[in-house]
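Below you'll find the structure, written out as structure tokens, and then a few comments.
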Amino acid sequence: LIIGGTGGFGLATAEWLVERGARHIVLASRSGTPSEEAQPALNAMRTVGVEVRTAAVDVADGPALLRLIRSLGSRAPVKGIIHAAMVLDDRLIENMDREVIDTVLHPKVAGALNLLEAARELSLDYLLLYSSATTLLGNPGQYNYVAANGFLEGLAQQAHSE
């Protein structure tokens with residue numbers, strides 16, 4: 001299950017997994033609709049026999065996420081989850097307000113917390129939370145994104161130790 005999987009890093013991760021033998025992939029995003037640019041990649045995966053499904057879910061909506069995971073688990077065990085969901089709203093710090101900060105933090109932070117909670121019910125081989133190099137290096141205008149990824153990295157360390 002790849003959250004944020006219908007484009008960007010999520011879709012690239014799906015391609016990487018297919019190259020390494022994955023044969024059942026669910027690409028989830030808020031809309032559940034892959035972009036037109038994603039269609040060739042999806043077609044290529046299906047051509048080599050991969051079952052690629054899409055699903056609409058907001059990772060920040062815990063009950064909806066649990067319903068999706070349980071629904072998937074009723075068909076076959078969910079063995080891996082990748083959290084690649086993100087929202088960018090780059091602004092200089094003097095132009096940031098609470099709404100802009102929340103818009104960027106919400107999918108990463110609430111999404112990761114919800115995924116960790118859902119993972120407790122599963123026998124996963126892996127749970128991967130995507131962060132960003134901006135967390136280490138910083139990037140003007142991405143203070144909110146850096147904060148979201150910093151939280152994600154701390155949460156990942158805590159979860160790993162548990």
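The values are calculated or read from the model by the stated rules, or taken from the named source; none is laboratory data. Owing to the predicted nature of the structure, the values given are computational and were not obtained by experimental measurement. All Cβ positions, even for glycine, are placed from backbone atoms using ideal geometry, and neighbour counts span all protein chains on display. Surface areas here come from the heavy atoms of the whole protein model, side chains and all, with no ligands, DNA or RNA. Shrake-Rupley method; radii C 1.70, N 1.55, O 1.52, S 1.80 Å.
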Segments 86-92, 57-63 sorted - mean Cβ within 10 Å per residue, highest first: 57-63, 86-92
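Order 69-81, 35-47 from most to least packed using the mean count of other Cβ atoms within 10 Å. It would help to have the intermediate numbers written out before the result.
Details: 69-81: 14.8, 35-47: 12.9.
Going from most to least packed, we get 69-81, 35-47.
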Those residues of region 94-111 whose amide nitrogen sits under 15 Å from the label point placed on Asn139, 7 Å along Cα→Cβ: 104-105, 108
Relative packing of 24-32, 130-138, which averages over residues the other C-beta atoms within 10 Å, highest first: 24-32, 130-138
Neighbourhood charge, 13 Å Cβ-Cβ cut-off, centred on Pro63 and excluding it, Lys, Arg +1 and Asp, Glu -1: -1
Cα coordinate range in region 96-135, projected on the principal axes (Å, largest first): 40, 22, 8
Residue-normalised accessible area of region 54-141, expressed per residue, 1.4 Å probe, Å²: 56
Cα→Cβ-extended label distance, 7 Å offset, between Glu153 and Gln39, nm: 3.9
Region 1-64 - percent of accessible surface contributed by carbon and sulfur, probe 1.4 Å: 53
Histogram of C-alpha separations across region 41-146, 5 Å bin width, %: 2, 11, 17, 19, 16, 14, 11, 7, 3, 1, 0
Expected 222 nm ellipticity per residue - DSSP helices of 4 or more, -39500 (n - 2.57), all of the chain, to 500: -15500 deg cm²/dmol
Dipole magnitude (debye, nearest 20) for the chain, charges at Cβ of Lys, Arg, Asp, Glu: 660
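Could you tell me what fraction of 2.2 N^0.38 Å the Cα radius of gyration of region 75-118 comes to, as a two-decimal ratio?
On the way: Rg = 14.3 Å, N = 44, 2.2 N^0.38 = 9.3 Å.
Normalised Rg, Cα atoms only: 1.55.
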Square roots of 5 times each gyration tensor eigenvalue, C-alpha, region 11-67, largest first, Å: 22, 13, 9
